[in-house]
Structures are given as C-alpha cells and as structure tokens.
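Just below is one structure, and these are the notes that go with it.
The values are calculated or read from the model by the stated rules, or taken from the named source; none is laboratory data. These numbers were taken from a predicted model, which means no experiment stands behind them. Glycine also receives a Cβ, built like all others from the backbone with ideal geometry; neighbour counts cover every protein chain displayed.
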Amino acid sequence: MKRPLYSLRMHASLDGDHLSGAERLLARNAVAAAAAELVERALEHSAGSADRVRLSLELVDPGAVRYLQLPELRPLRVAGLAEGRRAAVALLAQCGIPHQVAELTLARLAEGAAPGGGNMRGAMLVAADSGARLEPDAARGVRASRMDLAGDTGRKLGERLRPLGLDNPHVREALVLAGKVAAAPGVLAELCWSDDPDYLAGYVCSADGGYRRISQLKAAGDRHGGRAFFLAPGTDLAALSAYLETTPVLFDRVGTIHPPSDWSRYAATLANRA
Ligand code: AMP
C-alpha cells in the first residue's frame, strides 16, 4: 500500500500584501518539521516579519502522483541587470516567444503585475502569440502546488548544488516548481524572478531548454517579482490550472547540472547552433 502524502502550503502577508509562499508534498513523518520551518521563514523574511501566516495541510491521493526528473540546470552569469534582461528575452525567443511579448511581460513583472502595481500571489498566464494575460484573477494568478523532491533526491541535489554555491531554498524550490510547470500541457516557457529584495537572480525554464538561471534579473532592494507562464495558442486553461494546482508531482531524479558560464559565451554557442 502506498504511504499517505500531505500537501503543505504556507502563505504569509504583511500589511495586507503578499510576502512569502511555499508548497511542499510530504510523508506524514516530515510534516511537523516542514511546517515549523515555513512559519519561521515567514517570520524571518528579508522584506519584513509576516503579520499573518496561513498554513494548510491536505491529504493527497498517493496513487495520483506523477514521478518526474528535475530539469537540467545551467547557471548563467550576467554583467548586470540590463544584460540579465536581454538574456531572458533571448532565451524566451529560443522557446518561441516573440521579442515584443517577452519584453512586455518583463515590463509587467518589473512594475508589479497585480492591479495597483503590487506582486501577484501566483503566476501570470501569458498568450505566447499576443502577450494577452489569460489568468482569471490578476491579483491571485495561478499557483503551482503539490510538488516536491522525493526520497533522497533532496540530498543528491544538495551535493551537486553545493560546489556551485547554489544549495539554498530559493534554487531548490524554484527548480521543483519550474519542473512541474515545464511539464504542464501548453506551457512553452516560464520566466521568474523573486520578490525577495535581496535575491536578484531569476530564470527562464522550458521542457527542452531546461532551467537557465540568470544571475541578475532585478536591482538590489527591488521588492517586485513574479512569474509568467507562456502558453501555446489553444491551450485548455481549465486542464492547465487543474494540473498546476492539483496533480501531485514528485521529482525522484536529478537532471544534469552544468558548471556556470558567462552569458556572452553561452549566447555565442546558441547563435552557432541556430
Ligand atoms: P518567490 O520565488 O517565492 O520569491 O516568488 C516570486 C513570485 O512568484 C511571487 O511573487 C509570486 O508572484 C510567484 N509565485 C510564488 N510561488 C508560486 C507558485 N507556487 N505558483 C505560481 N507562482 C508563484
């Protein structure tokens, strides 16, 4: 018989604004420690200590779990914010996202994609061909949930990330989220940078290109961040949201982890391949 699994979610806010969120998918014996860690994270957030923290715990059917491999990871160093954003547009173009749509989406994230210029709680859904926003609620967006690392994948991932200085919760959790999103029906690519004012890196991820981490996508101290999922024309939004929000996904294999490279060098290899 398969062991029960629990979906644990944390949402923290400060003065009514979204501050921090996290998603885990765990066995019974790991629930208490993970819950304590998430509460602590909300209270110690670099943008301020949360004044409201909500935890939810839900039993999930272990028979519904999809087991996947984590995306391949390629760390890219950029010289600064401007080069980082140019790199993001170029990587999105490689995934079939027109330059104008990529630039419009970057601008929306930079300004704060929620109505009134705040951060959304989830992701924008962006039509890849037109740039139109398709998420039903522009403040909430769509949240990917019910995903985590399984078994000793966390330990193996840590061993490979540590020599690169990348073994931190940001990278681990983003890789898991991006892996679930890249496998979603209709998703061509994802763009993300954090809302944490001290964490300047971001990424572009796709099923074919893997997770390309860009060392800087925003300015130090900037509280704006967010995610955009770019959709192929004709994507079934109901099926996509159902997968993102409810299908449990566990990663039981680590993907290739490449050594860091400078964006300028990597861009040249992309140009040669084209
Ligand atoms: P973080 O990487 O946690 O700093 O989150 C950056 C932004 O990504 C947040 O402001 C949200 O807009 C979005 N986000 C965070 N968690 C999720 C999620 N589980 N699903 C979709 N979007 C998310």
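Side notes on the structure shown:
Matching residues to (1) surrounded by fewer than 18 Cβ atoms within 10 Å (Cβ to Cβ); (2) closer than 15 Å to R24 by Cα; (3) touching a Cys at 6+ places or on another chain (Cβ under 7 Å); (4) hydrophobic (A, V, I, L, M, F, W, C):
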position	(1), (2), (3), (4)
V142	no, no, no, yes
D148	no, yes, no, no
R155	yes, no, no, no
L161	no, no, no, yes
G165	yes, no, no, no
H170	yes, yes, no, no
A174	no, yes, yes, yes
L177	no, yes, no, yes
K180	no, yes, no, no
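- Going through (1) in contact (Cβ under 8 Å) with a residue 24 or more places away in the chain; (2) more than 21 Å from L177 (Cα to Cα); (3) surrounded by fewer than 13 Cβ atoms within 10 Å (Cβ to Cβ) one by one, P98 falls short only on (3).
- Within region 168-184, the set of residues being modelled with pLDDT under 95 and assigned to a loop (DSSP other than H, G, I, E, B) comprises N168 only.
- Within region 125-158, if we keep just the residues that are assigned to a strand (DSSP E or B) and under 23 Å from L55 (Cα atoms), the residue that is farthest from the chain's Cα centre (by Cα) turns out to be L149.
- Number of positions in region 1-43 that are more than 14 Å from the ligand (Cβ to nearest atom), out of contact with any Leu (no Cβ under 9 Å at 6 or more places or on another chain), of a type outside the set (K, R) and not in a helix (DSSP H, G or I): 3
- The residues on offer are R66, R52, and the sole one that is more than 14 Å from the ligand (Cβ to nearest atom), over 21 Å from the mean Cα position of the chain (by Cα) and basic (K, R) is R52.
- Enumeration of residues in region 103-126 that are within 10 Å of A228 (Cα to Cα) and more than 9 Å from the ligand (Cβ to nearest atom): T105, L106, R108, L125, V126
- Qualifying residue in region 51-60 (condition: loosely packed, with under 13 Cβ neighbours inside 10 Å, out of contact with any Pro (no Cβ under 6 Å at 6 or more places or on another chain) and either of a type in the set (S, T, Y) or under 26 Å from L166 (Cβ atoms) (or both)): yes
- Some residue of region 229-248 being touching an Asp or Glu at 6+ places or on another chain (Cβ under 6 Å) and either buried (at least 22 other Cβ atoms within 10 Å of the Cβ) or at pLDDT below 95 (or both): yes
- Selected residue [in contact (Cβ under 8 Å) with a residue 24 or more places away in the chain and in a helix (DSSP H, G or I)] from G48, G84: G84
- Residue satisfying condition, being assigned to a loop (DSSP other than H, G, I, E, B), more than 13 Å from the chain's Cα centre (by Cα), surrounded by fewer than 14 Cβ atoms within 10 Å (Cβ to Cβ) and within 11 Å of the ligand (Cβ to nearest atom), within set D198, D208: D198
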